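K.L.:
I'd like to ask some things about the structure below.
The values are calculated or read from the model by the stated rules, or taken from the named source; none is laboratory data. Predicted model, so just to flag it, every value in this text is computed and none were measured. Glycine gets a Cβ as well: all are built from the backbone with ideal geometry, and neighbour counts include every protein chain shown.
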Amino acid sequence: MIAKAAYVIGIVALGFATGGAVAQESTNRVAANTDWSVFVEENPKECWSVSKPKATVNTRNGEVANNVNRGEILLFVSFRPGSGVNGQVAFTGGYPFAGDSMVSVTVGGTEFQLFVDGEWAWTRSPEDDAAIIAAMKKGADAVVVGMSSRGTRTEDTFSLLGFTAAVDDASQRCQ
């Protein structure tokens, strides 16, 4: 239980650290690998690869909803050597998730589940992170499906072009 609590604390720290990740591109983006970018913070040392979706579909009651207001939609893999985090998968959908929901990530026909807290979703363990990362390294895209607190189903498709290079780069920079 202590390990799980530390894992959750790590992802909460990620939320604070990366809140403006894309907005700060000019100050801490160190690499761009096609559809994925790598960011580094020095104090404390943190490295992450991140991407925005290539396609987004929002539906409500089975109908396409065009008037959906969402913030930044980002898929991350983070490394924080000071916290023992070595490849943590996280997703922010740009809205508060429904409290009793899960977010699914499908890569190459394999579905993974992320639990939600506010606007963030992440895995339950480092083993789950490793399985998702391994699938993403082999896949062409990742489809992330979530449910907003207002009942909107969101489906975001992320290209995995450049994913392996970006994750490996972020990992090496945070060793």
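K.L.:
Enumerate the pairs (first residue in the stretch 105-132 and at positive phi; second residue anywhere and buried (at least 20 other Cβ atoms within 10 Å of the Cβ) and polar (S, T, N, Q)) with beta-carbon separation below 8 Å, excluding pairs fewer than 6 apart on the same chain, so at least 6 apart or on different chains.
P.N.:
So the pair list comes out empty.
K.L.:
Something else about it: Quick check on my filter: what residues within the stretch 74-108 are within 18 Å of Phe163 (Cα to Cα), touching a Cys at 6+ places or on another chain (Cβ under 9 Å) and crowded, with 19+ Cβ neighbours inside 10 Å?
P.N.:
Correct list: Ser78, Phe79.
K.L.:
Can you confirm whether the stretch 115-125 contains a residue that is more than 21 Å from Arg70 (Cα to Cα), aromatic (Phe, Trp, Tyr) and touching a strand residue (DSSP E or B) at 6+ places or on another chain (Cβ under 6 Å)?
P.N.:
The answer is no, given that none of the residues of the stretch 115-125 is more than 21 Å from Arg70 (Cα to Cα), aromatic (Phe, Trp, Tyr) and touching a strand residue (DSSP E or B) at 6+ places or on another chain (Cβ under 6 Å).
K.L.:
Another question, if that's okay. Checking the structure you have, find out if any residue of the stretch 139-153 is under 23 Å from Glu41 (Cα atoms) and surrounded by 20 or more Cβ atoms within 10 Å (Cβ to Cβ).
P.N.:
no
K.L.:
Going through Glu41, Glu111 one at a time, which residue ends up being more than 12 Å from the chain's Cα centre (by Cα), modelled with pLDDT of 95 or more, surrounded by fewer than 21 Cβ atoms within 10 Å (Cβ to Cβ) and assigned to a strand (DSSP E or B)?
P.N.:
Glu111
K.L.:
Looking only at the stretch 63-91, how many residues end up being outside any loop (DSSP other than H, G, I, E, B) and either free of Cβ contacts under 8 Å to residues at least 24 places away in the same chain or more than 21 Å from Gly118 (Cβ to Cβ) (or both)?
P.N.:
7
K.L.:
Do you know which residues across the stretch 114-135 are among the polar types (S, T, N, Q) and over 13 Å from the mean Cα position of the chain (by Cα)?
P.N.:
Correct list: Ser125 only.
K.L.:
Scanning for something assigned to a strand (DSSP E or B), under 14 Å from the mean Cα position of the chain (by Cα) and in contact (Cβ under 8 Å) with a residue 60 or more places away in the chain, does the stretch 92-102 turn up at least one residue?
P.N.:
Within the stretch 92-102 (the criterion being assigned to a strand (DSSP E or B), under 14 Å from the mean Cα position of the chain (by Cα) and in contact (Cβ under 8 Å) with a residue 60 or more places away in the chain), the answer is yes, since at least one residue qualifies.
K.L.:
It is to be established whether one or more residues within the stretch 162-174 are in a strand (DSSP E or B) and of a type in the set (Phe, Trp, Tyr).
P.N.:
The answer is no; no qualifying residue exists.
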